Amino acid sequence: MTSAADESNPRNPAQIKAVCLDIDDTLIDSQSAARSSLRELLGTDRAWPVWQRTTDRYYGRFVSGQLPFDVMCVERTRAFFAAFGEHIDHAEAQRRENQRMAAMQRAWGLFDDVAHSLDWMRATGLRLAVVTNAPGDYQRKKLAAVGLADAFDTVVISGETGVAKPDPRIFHTACQRLGLQPHEVAHVGDRLTTDAQGATRAGLLGIWLNRDQIPAPRAFAEDVVPTITGLGELPELLVTEIAAPHLADLVGHAP
Ligand SMILES: [Mg+2]
């Protein structure tokens, strides 16, 4: 797993000038919001594992372009209830999905380590971007809801660009908008393949944010993708990577 990415990646230390971040489960605790929305809809979250499995299946169909986002949401809800033997029609699935979505939007919130990390990166002179897989208006609404509408130099969303992570083109779009080469940009995200390895293959410094400290796949042991368990670890990781001569003074201000 090391060879292709390494040989095609000309990155050297002290070249990083910008950091891209994923939104869901990187900046925003989307999983907790989704879980609480399910609890509000059903009165319990015992079915959470079934919801997660159903989401993985249906979200993949959205990301690959097989289903529009709104259709995916309703079809996912129908499939979820069907898994428990309850077969509901489209209108009823839409009603339940609306209820769940409203509950989820009330629950959107940032992880505790986001504000300090963004402040620290800004203080070092790093430019900041978002690279995310979802519909544009949905993600922009999400960023606004948590006070990050104006926090980034550019926001790159698969629903607007027409390509989704891990396709290298979405990472290259971010680099172009930042006016930087891929080897000058890092990308941080919670999905190993979609975010970290996708970014690495696109020539960026891909960083895996493994908040839940899930075991890495066996093949990953040989990989060169740096891993952190919280955004608070970014300063220590990036200190040798950032192209900022005054950086040593700023490490003391790390969160
Ligand atoms: Mg994510």
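The values are calculated or read from the model by the stated rules, or taken from the named source; none is laboratory data. Nothing here was measured: the structure is a model prediction, and the numbers come from that model. In this analysis, Cβ positions are derived from the backbone assuming ideal geometry, glycine residues included, and neighbour counts consider all displayed protein chains.
Within the range 109-133, the set of residues being in a loop (DSSP other than H, G, I, E, B), of a type outside the set (D, E, K, R) and surrounded by fewer than 17 Cβ atoms within 10 Å (Cβ to Cβ) comprises Gly109, Gly125.
Restricting attention to the range 16-30, the residues being more than 9 Å from the ligand (Cβ to nearest atom) and among the polar types (S, T, N, Q) number 0. In the range 160-171, how many are surrounded by fewer than 19 Cβ atoms within 10 Å (Cβ to Cβ), in contact with a Pro (Cβ under 9 Å, 6 or more places away or on another chain) and of a type outside the set (D, E, K, R)? Qualifying residue count, the range 160-171: 1.
Being in the same structural domain as Val185 (by TED's automatic domain parsing) and either polar (S, T, N, Q) or touching an Asp or Glu at 6+ places or on another chain (Cβ under 7 Å) (or both) is the requirement here; does Ala129 meet it?
Numbers: in the same structural domain as Val185 (by TED's automatic domain parsing): yes; either polar (S, T, N, Q) or touching an Asp or Glu at 6+ places or on another chain (Cβ under 7 Å) (or both): yes.
So Ala129 passes the test.
Conditions: (1) surrounded by fewer than 18 Cβ atoms within 10 Å (Cβ to Cβ); (2) touching a residue at least 60 places away in the same chain (Cβ under 8 Å). Leu180 meets all but one. Number of the miss? For Leu180, the exception is condition (1). Among the conditions (1) farther than 13 Å from Leu21 by Cα; (2) in contact with an Asp or Glu (Cβ under 7 Å, 6 or more places away or on another chain); (3) within 16 Å of the ligand (Cβ to nearest atom), Gly232 misses just one, which is (3). Residues of the range 175-201 being within 15 Å of the ligand (Cβ to nearest atom) and in a helix (DSSP H, G or I), which ones? Leu192, Thr193, Thr194, Asp195, Ala196, Gln197, Gly198, Ala199, listed by residue number. In the range 120-132, the residues that are at pLDDT 95 or above reach residues that are within 16 Å of the ligand (Cβ to nearest atom) and of a type in the set (D, E, K, R) with C-beta atoms within less than 6 angstrom, at least six apart or across chains, in these pairs: Thr132/Asp22.
Restricting Arg53, Arg39 to residues that are closer than 26 Å to Lys165 by Cα and surrounded by 12 or more Cβ atoms within 10 Å (Cβ to Cβ) narrows the list to Arg53. Of all residues in the range 141-158, those that are within 22 Å of Thr55 (Cβ to Cβ) and surrounded by 19 or more Cβ atoms within 10 Å (Cβ to Cβ) total 4.
The single residue among Ala199, Ala174 that is in contact (Cβ under 8 Å) with a residue 12 or more places away in the chain, farther than 12 Å from Ala18 by Cα, surrounded by 21 or more Cβ atoms within 10 Å (Cβ to Cβ) and not hydroxyl-bearing (Ser, Thr, Tyr) turns out to be Ala199. Of all residues in the range 202-223, those satisfying the criterion of being exposed (fewer than 14 other Cβ atoms within 10 Å of the Cβ) and either within 12 Å of the ligand (Cβ to nearest atom) or not polar (S, T, N, Q) (or both) are Asp212, Ile214, Pro215, Pro217, Arg218, Ala219, Ala221, Glu222.
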